[in-house]
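Scroll down for the structure; my scribbles are underneath it.
The values are calculated or read from the model by the stated rules, or taken from the named source; none is laboratory data. Only a predicted model underlies this, so the values are computations on that prediction, with no experimental measurement involved. No Cβ is skipped: glycine too gets one built from the backbone with ideal geometry, and neighbour counts run over all protein chains shown. These accessible areas exclude ligands, DNA and RNA; they are computed on the full protein's heavy atoms, side chains included. Shrake-Rupley method; radii C 1.70, N 1.55, O 1.52, S 1.80 Å.
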Amino acid sequence: MSRLKPQIRWLLSEDFPAVARLDFEQAADPWTEDAYREFLRARNQIVQVAFVADDVVGTLACRLERTTVHVERLMIGPGEHRAATLELVVTAIRNKLNRSRSCAEIFVHECQVPELVALRQHGFVAVSVVRNHFRGRRDGILMRYSLFRQCPTMYAPTNRLTKYFAQEDK
């Protein structure tokens with residue numbers, strides 16, 4: 001096991017190939033280098049990378065709006081640093097929240113149960129199911145983290161996975 005810990009920083013131009021490779025290996029609908037460049041052209045969109053030594057092990061792409069941080073891309077590579085990288089990326093998401101921008105949202109593919117469970121463990125709550133959100137007519141689950149959330153059961157169960165989370169809250 002490596003003693004090196006993941007760190008996070010802004011995306012650099014030399015990171016584009018590694019980020020695209022990670023996306024290609026992990027995502028059902030991968031972004032290319034050009035897609036990341038296009039994403040960064042908008043004024044309110046940012047990309048950060050998690051890295052160990054010089055290897056990119058995670059990507060976080062966000063759209064910052066007035067009241068909400070929309071996580072457009074969250075990719076974490078497999079390996080021994082997966083849990084630590086997820087913790088680091090979730091902390092980066094939380095650091096973007098403040099009094100006026102108090103909510104973070106992410107769509108997760110319904111079949112990606114490990115990601116859903118991991119986000120749930122970090123305080124994200126499944127709030128709705130969006131039918132045919134992903135290519136191939138696959139459902140997406142909207143997960144939300146709020147600084148001021150008091151009620152852990154904010155949604156009505158609508159499928160097996162959200163029913164599972166609803167039972168866990170009881």
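Some observations on this one:
- Stretch gain in nm, segment SER100-ALA53, where the contour uses 0.36 nm per residue and the Cα spacing is subtracted: 13.4 nm
- Per residue, the range 1-133 exposes 55 Å² of solvent-accessible protein surface, assessed with a 1.4 angstrom probe and all protein chains in place.
- Computed extension length for GLU80-LEU12: 22.1 nm, one decimal, from 0.36 nm per residue of separation with the Cα-Cα distance subtracted.
- Förster radius 35 Å - calculated FRET efficiency between ARG21 and PHE148 (Cβ-Cβ, nearest 0.05): 0.35
- Amide proton proximity set for GLU72, modelled H, under 5 Å, gap of 5+: ALA61, CYS62, ARG63
- Label point distance in nm, ASN44-GLU72, each placed 7 Å from Cα along Cα→Cβ: 1.2 nm
- Which of LYS5, LYS96 is most accessible, then next, and so on - probe 1.4 Å: LYS5, LYS96
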